[in-house]
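Note sheet for the following structure.
The values are calculated or read from the model by the stated rules, or taken from the named source; none is laboratory data. Just so it is clear, the model here is predicted, and its values are computed rather than measured. Counting neighbours? That spans all protein chains shown, and the Cβs are built from the backbone with ideal geometry, glycine included.
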Amino acid sequence: MTLNWADLLVNPEDLQRLYTALPPLSAVTVRSVHLNHYGPTVTLRIDLTEFPQNPPSEWRETGFDRLQCHLQFLAVEHLEMRGWNPPSIAEIQIERCGDHRIRLTAGSPSFTLSFEASDSVAIGHLSAFQESEDGADSGPRWFARKLDSRRFNQLPDLNEKTFYEHM
């Protein structure tokens, strides 16, 4: 049985302020998969399929139409990934596979990803942006959290460890 991903979040407050109904993890754009070398942690950077129903006024005024976030999974085991070619539109499914454990599978025509992890999922680095005509997410953006918005006005380089390894 597929679980509701929002029920697994340890910190859903920012997301709950933005959405009255959370979109499913179907047809999400997977932008990056970060494997943390300090521990068995995987962070997915994804675009949700629906823009928030309650965005801040700055987001509306700027014409942003996409919401991106990071989902961080801890105590990862049995990771398998094939055919990575970002960005990729994928269907993400999460199922229970033991006491306090989940199994995530993400699939698209161009890649597959699967792993087991703790059932405590963190969400962070929520940001709004306008997707470019070629599907890129490199333009200006607004972050939901004050610290992120003070540090960044666009997506940082992939080597920015304080952004990609911490929530």
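Per-structure values
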{"read-out": "Selection from the stretch 77-106 of residues that are under 24 Å from Asp134 (Cβ atoms) and either surrounded by 16 or more Cβ atoms within 10 Å (Cβ to Cβ) or hydrophobic (A, V, I, L, M, F, W, C) (or both)", "value": "Trp84, Pro87, Ser88, Ile89, Ala90, Ile92, Ala106"}
{"read-out": "Lone qualifier among Leu67, Leu48, Leu74 - being touching a strand residue (DSSP E or B) at 6+ places or on another chain (Cβ under 7 Å), surrounded by 20 or more Cβ atoms within 10 Å (Cβ to Cβ), over 21 Å from Pro109 (Cα atoms) and of a type outside the set (Gly, Ala, Ser)", "value": "Leu67"}
{"read-out": "Criterion: assigned to a loop (DSSP other than H, G, I, E, B) and β-branched (Val, Ile, Thr) - qualifying residue of Thr43, Thr29, Thr49", "value": "Thr49"}
{"read-out": "Looking only at the stretch 18-29, and only at residues there that are surrounded by fewer than 16 Cβ atoms within 10 Å (Cβ to Cβ) and free of Cβ contacts under 8 Å to residues at least 40 places away in the same chain, the one that is farthest from Ile46 (Cα to Cα)", "value": "Thr20"}
{"read-out": "Filtered residue count, the stretch 1-13, keeping only those that are crowded, with 17+ Cβ neighbours inside 10 Å and either more than 13 Å from the chain's Cα centre (by Cα) or assigned to a helix (DSSP H, G or I) (or both)", "value": "3"}
{"read-out": "Residue in the stretch 67-84 that is part of a loop (DSSP other than H, G, I, E, B), among the small types (Gly, Ala, Ser) and closer than 21 Å to Glu160 by Cβ present", "value": "no"}
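Yes or no, residue by residue, for (1) modelled with pLDDT of 95 or more; (2) hydrophobic (A, V, I, L, M, F, W, C):
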| position | (1), (2) |
| --- | --- |
| Val10 | yes, yes |
| Gln16 | no, no |
| Pro23 | no, no |
| Ala27 | no, yes |
| Val30 | yes, yes |
| Tyr38 | no, no |
| Asp65 | no, no |
| Gln72 | yes, no |
| Val76 | yes, yes |
